[in-house]
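I have placed the structure first, in the form of structure tokens, so that the comments after it can refer back to it.
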Amino acid sequence: MGNVQLREVAFARSGDKGNTVNIGLFAARPEWYEVFVREVTPERVKEHFRGLVEGEVERYLMPNIHAMNFVLRGALAGGGSTSIRMDNLGKCFGSNLLRMEIEADEA
């Protein structure tokens, strides 16, 4: 087993609505999907965004397209128009998630 950053095996897209961020994570190859299901859990995603996400992280599996969707609540310090963060939108969360490392088989 070795570690790999998600950016090497996945694509992501993210956005926001109010104080909630949505991240779609797509396996670059179908065989990676089961590794994602095992490794990219709501708990690990919340830990990855520690200090940014105050609410719950929900995960929705979409095996037919080898993808998953994450909903991060309380992630934008109030939302775009009320937050004083430098990056007060959810657009960068997808890129940030791709920096997360997962444990994967050598193959």
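ARG59 meets all of the listed conditions (1) among the basic types (Lys, Arg); (2) in a strand (DSSP E or B); (3) in contact (Cβ under 8 Å) with a residue 60 or more places away in the chain but one, namely (3).
Scanning segment 28-38 for residues that are buried (at least 17 other Cβ atoms within 10 Å of the Cβ) and within 18 Å of VAL71 (Cα to Cα) gives a single hit, PHE36.
Only a single item in (1) crowded, with 18+ Cβ neighbours inside 10 Å; (2) within 13 Å of PHE93 (Cβ to Cβ); (3) in contact (Cβ under 8 Å) with a residue 24 or more places away in the chain is not met by GLY15, and it is number (1).
Considering (1) open to solvent by less than 30 Å² (accessible area, probe 1.4 Å); (2) within 15 Å of the chain's Cα centre (by Cα); (3) at pLDDT below 95, say which one LEU72 fails and leave the rest. Of the numbered conditions (1) open to solvent by less than 30 Å² (accessible area, probe 1.4 Å); (2) within 15 Å of the chain's Cα centre (by Cα); (3) at pLDDT below 95, the odd one out for LEU72 is (3).
Name the one entry in GLY51, GLY79 that is at pLDDT below 95, open to solvent by 40 Å² or more (accessible area, probe 1.4 Å), at positive phi and in a loop (DSSP other than H, G, I, E, B). Break it down into steps so the answer makes sense when it comes.
Details: GLY79 fails: open to solvent by 40 Å² or more (accessible area, probe 1.4 Å).
Exactly one of GLY51, GLY79 is at pLDDT below 95, open to solvent by 40 Å² or more (accessible area, probe 1.4 Å), at positive phi and in a loop (DSSP other than H, G, I, E, B), namely GLY51.
The values are calculated or read from the model by the stated rules, or taken from the named source; none is laboratory data. Everything numeric here is computed off the predicted structure, so don't read it as measured data. All Cβ positions, even for glycine, are placed from backbone atoms using ideal geometry, and neighbour counts span all protein chains on display. Note: accessible area is taken over every heavy atom of the protein model, side chains too, but ligands, DNA and RNA are not part of it. Shrake-Rupley method; radii C 1.70, N 1.55, O 1.52, S 1.80 Å.
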